[in-house]
Amino acid sequence: MWKTTVKLSISFALLLNTAIFVFFFDDYVYLLDDILIPVLFVYFLLDSLSVIIPKLNKDTFSGKYMIKFFKEYPKYNIQKIKELRSRENKIALLIFFLYFGGVTGVGLLYLYNDWFELKYLYLVFLFINLSDYICIMLWCPFRDLFMKNKCCNTCRISNWDRLMKFALLLFIPNFYTISIFIMGLLVFIIWEISYTMNPQYFFPISNESLRCSECDLPCRIRKKEQPWLVALLIISLIIALKPP
């Protein structure tokens, strides 16, 4: 979980610093193209590889599609697994259309409205990136409103996050953004292939590694800290954006 905390901090710092440039140092916004995108390319490339390469992936919630995280429960019901897979596929499809429909709407706003400048698209992208880790550490609307799963370890779409983040970059196509998107798409495809071929990896009734008894993440502690962490993030953002 410490890696996720570090990523949350990095994501918050990226959004905060970019917002400062956008709102207070407009003359230097060009640095976002010259510096920010290449930095993000390296960061997200390494991040995606850490999910794809088995030796680098140490987290159950992003690695449960791999056999190394599968601890088979010998008496699981394969028919029940198929029923659960069918149910979750329907919900996942709904989320897919709602979410990527929203991303497409934002992209079209950028393409066809002069007031929606590139710098604001960067802010939306970095906000989505931060939201990914807020979903893990604080509160996840996909979990509570749609999937109804216990946590990230049992989430149907936990490795969709990179595609969800990188899709917006298609509206500013260049070598870096297209490459990042392809990495997110690769993570997504590998995940979906495993979910289709090995659904038993993804459910606690067949994979004991996903059960609470096998988990050492401080979920109860994290839940208690939610209001304080959210308040800290909001206050920090307000202070940083306050005009001098």
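No lab work stands behind these numbers, since they all come straight from the coordinates. Just so you know, these numbers come straight off a predicted model, no measurement behind them. Note: ideal-geometry Cβ built from the backbone for every residue, glycine included; neighbour counts use all protein chains shown.
General observations
- Tally of residues being part of a helix (DSSP H, G or I) and surrounded by 15 or more Cβ atoms within 10 Å (Cβ to Cβ) across segment 11-38: 13
- Of all residues making up segment 1-10, the number that are buried (at least 18 other Cβ atoms within 10 Å of the Cβ) and either more than 17 Å from Asp161 (Cα to Cα) or aliphatic (A, V, I, L, M) (or both): 1
Residue by residue, here is whether (1) without any contact (Cβ under 8 Å) to a residue 12 or more places away in the chain; (2) part of a helix (DSSP H, G or I) holds:
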{"position": "Leu40", "(1), (2)": "no, yes"}
{"position": "Val51", "(1), (2)": "no, yes"}
{"position": "Asn57", "(1), (2)": "yes, no"}
{"position": "Lys68", "(1), (2)": "no, yes"}
{"position": "Gln79", "(1), (2)": "yes, yes"}
{"position": "Glu83", "(1), (2)": "yes, yes"}
{"position": "Ser86", "(1), (2)": "yes, yes"}
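- Residue satisfying all of: in segment 43-66; β-branched (Val, Ile, Thr) and surrounded by 12 or more Cβ atoms within 10 Å (Cβ to Cβ); nearest to Leu123 (Cα to Cα) among these: Val51
- Put simply, of Asp132, Asp114, Asp144 the only residue that is among the acidic types (Asp, Glu) and more than 30 Å from Val6 (Cβ to Cβ) is Asp114.
- Residue in segment 115-129 that is touching a Phe, Trp or Tyr at 6+ places or on another chain (Cβ under 9 Å), assigned to a loop (DSSP other than H, G, I, E, B) and surrounded by fewer than 18 Cβ atoms within 10 Å (Cβ to Cβ) present: yes
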